Amino acid sequence: MNRAPSSARWWFLAHSWLALPVWAFLFFVCLTGSIATVSQEIVWLADPAVRANPPAADAEMLGYDAILAVIAREHPEAVVRRISRPVKSMFAWTVQAEYPDTSLVNHYVNPYTGHIQGSEPEGFSFRQFIRALHGWLLVPFKEGVSPGWYAVSLLSLPLLGSLVTGLVVYKRFWRGFFRPRLRIDRGSRVFWGDLHRLAGIWSIPFILIMAVTGLWFLIQGVLRHADIELPSTSPALPLILSRDDVPQAQPGGQVARIGLDRAAQIMRDTFPDVDASFFSLGESAFSPIRVVGQAASWPLLTESVWINPYSGRVEFARSIANRSGLEIFTQSMRPLHAGDFVGLGLKLVYFVCGVLLTAMVGSGLLIWTKRTAKATAAALKGRQREGDESIDAPLPASLAPPEGNAPARWWKRWRFHLSALLLILPVAWLPHYLAQEKPAAKTGLGQRVAAEFEVGPWSVTLGEWRVEPPKHHDDEYDKVFTLAVCQACIPQVKAAYLRVGRPRGDVRTSGELFSGSPYRRFANVQIPADVRPDADLWLTLEGWDGTRHRAAIPLVLASPATAQWADERSR
């Protein structure tokens, strides 16, 4: 009489089957994730322009104002948008600037000498490509959701299951930390089995981190898809200064702004243990300067201050202390998953663990091909396992395919390798990704330039970012328009607003504020559901001296797609 298989054996079979249906896909994600972990360091090795080599051992870094002065001297037409100072001091600072042709360029500046070592247009980069390949298989996001994101994050479930069942199956696994065993002279089966166990044991903490953070990314995608927002203590962004806090200028004059060195000092005064590492110089005249630095008490997160660029007053300070426990947990997931919150040492640890995890997945596949099918057949027949006899025994005739049935033989051999078909996704979407990320796709006023208009003494050009009907969000319809003011008008125009229908009162009713750079501004304009196709858009320009000028633009001229949408809805 056959005895039922023990529970330990069923745990073994569960462990064996968990990852097999997705083995090729899991192997790909682990491999690309390992490369993504050190993608910035790979660029550092390949491109001397991104290195920050001090001219002497005692050289000190320049101030932020000095870096801005270098850009202003060598590129006087550039408008600096942001400055990024990497956590690791071996990297050059990145200064992102926009130019009159609306191109965005990243300048790599040596912080010790101020020399611009290299420049590249914003767009395709190896670092962003490998992260997109790993994170969402290059499948584009639509309404904030990407099928590739779901496919990758779903792997957290078999990964977590494999970890739990593996710890149950391999008794006293901790011995592998003290007496590691990798036998290379006992045949391929023994070698791959030892490698699988050894890689798994040494990767236990890393596997747990990847599984938990990946599971959170899955939950995050579901919440985003369902339009569910978690409670947050962060300010409503973008943070806008009140009109009373933005000074006016005399005709022909300019408004004074604080320097970035002072902004960095304000950051240190607010958070004494935090060094500024990122500056965003604002998107409009009503935008504060945002300064970000790594939190000393919890390096997984950052602390930020929003500073009035005219008075130096702190408008808002975002610290670890004013975050909820839920926010600390959820916002820690991404840096914990990527390992980019301390320095090079941790990056290398993550890389080695990623390679071990990749090796474990690959070796697990090879082990399965020799063991799992036979062990499953034995369990179903109720055989008692003695050593590896049942594992090495041939499949019962009832489970073996007919010898002369070629399709059945093919199906038996390849059915668990079909997850490799998921790898068609990045191949299929690669041309779209490259077209979307090329620098030319990121310049201009969008897919359609409406026309050039005169608004008082100023000349402007209105554009349609996407030639499509308004999008539905939160029970409202909205549409993105772009705007460029003439080169001579830039020092004079303080702000621009756009709305459907004539403004009813002062400038506060003028509609959505355009934000961006002086060369290209964006406004997400609310479109009423009952808008008529013959309606007008009203554009309001406000000067630094307080003057205001308005112009009406027919909707059919500004956006024929929106006018057609309105006509169809009115029928």
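The values are calculated or read from the model by the stated rules, or taken from the named source; none is laboratory data. These figures come from a predicted structure and were not determined experimentally. Quick reminder, even Gly has a Cβ in these numbers, built from the backbone with ideal geometry, and neighbours come from all protein chains shown. The area values use the complete protein model at the heavy-atom level, side chains included, leaving out ligands, DNA and RNA. Shrake-Rupley method; radii C 1.70, N 1.55, O 1.52, S 1.80 Å.
Between region 444-488 and region 144-184, the C-alpha centres lie 50 angstrom from each other. Peptides 153-160, 44-51, ordered by how many other C-beta atoms sit within 10 Å of their residues on average, highest first, read 153-160, 44-51.
With the simple model of a label 7 Å out from the Cα in the direction of the Cβ, ASN524 to SER125 spans 2.4 nm. Absence of a disulfide-compatible partner, taken as no other cysteine beta carbon within less than 4.7 angstrom, is noted in the chain for CYS30, CYS353. Take every pair of alpha-carbon atoms less than 8 Å apart whose residues are at least six positions apart; their mean separation over the length of the chain yields a relative contact order of 16 percent.
If you stretched the chain out fully between LEU182 and LYS442, how much longer would it get, using 0.36 nm times the residue separation minus the C-alpha to C-alpha distance? Don't skip to the answer; put the middle values down first.
Values: separation 260, 0.36 × 260 = 93.60 nm, distance 5.17 nm.
That works out to 88.4 nm of additional length.
Extension gain, LEU344-MET90: 0.36 nm per intervening residue step, less the Cα-Cα distance, totals 90.5 nm. Within the shell of other residues whose beta carbon sits under 12 angstrom from the beta carbon of ASN308, the net charge comes to +1, with Lys and Arg scored +1 and Asp and Glu -1. Considering the values (i) 30.0; (ii) 31.6; (iii) 28.0, which represents Kirkwood radius over Cα pairs in Å as calculated for the structure under consideration? Of the labelled values, this structure produces (iii).
Which translational diffusion coefficient, to the nearest whole µm²/s, is obtained for region 138-255 from the Stokes-Einstein equation, given a Kirkwood hydrodynamic radius over C-alpha pairs, 10 °C and 1.306 mPa s?
82
Spread over its residues, the convex hull of the C-alpha atoms of region 444-570 is 97 Å³ per residue. Based on protein heavy atoms only, the chain ends up with 50 Å² per residue of surface accessible to a 1.4 Å probe.
Across q = 0.11, 0.15, 0.27 Å⁻¹, region 87-169 modelled as identical point scatterers on its alpha-carbon atoms has Debye log10 I(q)/I(0) values of -0.56, -0.79, -1.17, in the order of the q list. Near PHE217, once Lys and Arg are set to +1 and Asp and Glu to -1 for all other residues with Cβ below 12 Å from its Cβ, the sum equals +2.
What the phi angles of region 550-567 give under the Karplus curve with 6.51, -1.76 and 1.60, with θ = phi - 60°, is a coupling list of 10, 8, 9, 10, x, 4, 5, 7, 6, 7, x, 5, 5, 5, 5, 4, 5, 5 Hz, glycine and proline written as x. Local charge for GLY282 was computed over the other residues whose Cβ lies under 14 Å away, with Lys and Arg +1 and Asp and Glu -1, and equals +2.
Using the average count of surrounding beta-carbon atoms within 10 Å as a protection proxy, the listed peptides 137-147, 261-271, 318-328 rank, highest first, as 261-271, 137-147, 318-328. Pairs over the 22 Å Cα-Cα cut-off, from the set LYS142/LYS479; LYS347/LYS442; LYS142/LYS442; LYS171/LYS347; LYS142/LYS494; LYS142/LYS471: LYS347/LYS442; LYS171/LYS347; LYS142/LYS494.
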